[in-house]
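**Q** Structure incoming, see below.
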Amino acid sequence: MKSAYAQFLFLMSGADHDQMDRMRSYLTNMCTGWDVEQVKSIVGETLHDIVNPLVFAEAAELIADHKLCGRDVVVVSASGEEIVAPIARALGATHAMATRMVVEDGKYTGEIAFYCFGEGKAEAIRELAARERYALEHCYAYSDSITDIPMLEMVGHPTVVNPDRALRKEAAARGWPVLTFSRPVSLRDRIPAPSGAAMATTAAVGVSALAAGALTYSLLRRFAF
């Protein structure tokens, strides 16, 4: 309940670096000693009830468009991999990168092995791009938070979606596109058919931040080499 309330505050008002650090410390301390498999089981059983109402129809449709065009879809989030990975699978994403906690004897120690936030997101994307041979100057990244500036700066086509106030101001100063998504739908009821936008393979298309707790994500577009 406390975790859900903290994430509700994030969704309503956004969070800066200091607030995210405090949330991270609180949540990792709270998870210390939890059984990893039990947590994964709970997430698997409740995922659709929690996440389905918070998926934007515009985002789901554009993900389908990207896939139809042969583009890789990558979910990058500061949330824990236990939540991010099944969401990415449900959306048909190619890869998922998220925060990982240290596990010993099947239980969380309360320490973080990798924090996929801020510069950490950019680091994870650079490593994935090198491994998968993505040309970052041809990639698109999407975010709603000012904390994702490092990620947005490293790609050739940054776009902000439903941005917080600070990111909206930054986007205006840099001339970045700003998109607004407003139609939340059930993940299982999302529109599977691609729109006409998929036919324009060079068009810049936007994807919303997927609201699953404090989840934000980016899409990396794979070009032919």
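**Q** Quickly rank 29-35, 97-103, 145-151, 134-140 as a protection proxy: mean count of other C-beta atoms within 10 Å, highest first.
**A** By packing density, highest mean first, the sequence is 145-151, 97-103, 134-140, 29-35.
**Q** Around Tyr108, which amide H atoms from residues at least 5 apart in sequence, or from another chain, sit under 5 Å from its own amide H, with H modelled in the peptide plane?
**A** The answer is Gly33, Trp34, Val36.
**Q** Positive end of the charge dipole of segment 82-185 (Lys, Arg +1 and Asp, Glu -1 on Cβ, about the Cα centre): tell me which of Leu136, Val185, Pro86 has its Cα farthest that way.
**A** In segment 82-185, that residue is Val185.
Readers should treat all values here as calculations from the given coordinates under stated rules, not as data from a laboratory. What you see is a predicted model, and the numbers here were worked out from it, not measured in a lab. Neighbour counts are summed over all protein chains in view; Cβ atoms, including those assigned to glycine, are modelled from backbone coordinates with ideal geometry.
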